[in-house]
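Please treat every number below as a calculation from the coordinates, not as lab data. Because the structure is a prediction, the values reported are computed rather than measured. A quick note on method: Cβ atoms are made from the backbone with ideal geometry, for glycine too, and the neighbour counts reach across all protein chains shown.
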Amino acid sequence: MLLAFIFVGGVVLFFGALELLRRLGLAFGAYKPELHYMRGPGPKWHEKHAGFRGRS
């Protein structure tokens, strides 16, 4: 009976630690590439290419 309590307590502790790591972003897929994509040319690019606009 005591062994069962120790096992259940260990499992609960393990999944609690896993959830804590997940919430802190330190485990399993914390990298989100959509947050790192460029949103388009910046002001320096527009300044450099201002005279090269073609007719559409």
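Listed values, structure above:
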| quantity | calculated |
| --- | --- |
| Footprinting exposure proxy for Glu34, Glu47, Glu19 (fewest neighbouring C-beta atoms within 10 Å first) | Glu34, Glu47, Glu19 |
| Distance in nm between pseudo-label sites at Glu47 and Tyr31 (7 Å out along the Cβ direction from Cα) | 3.3 |
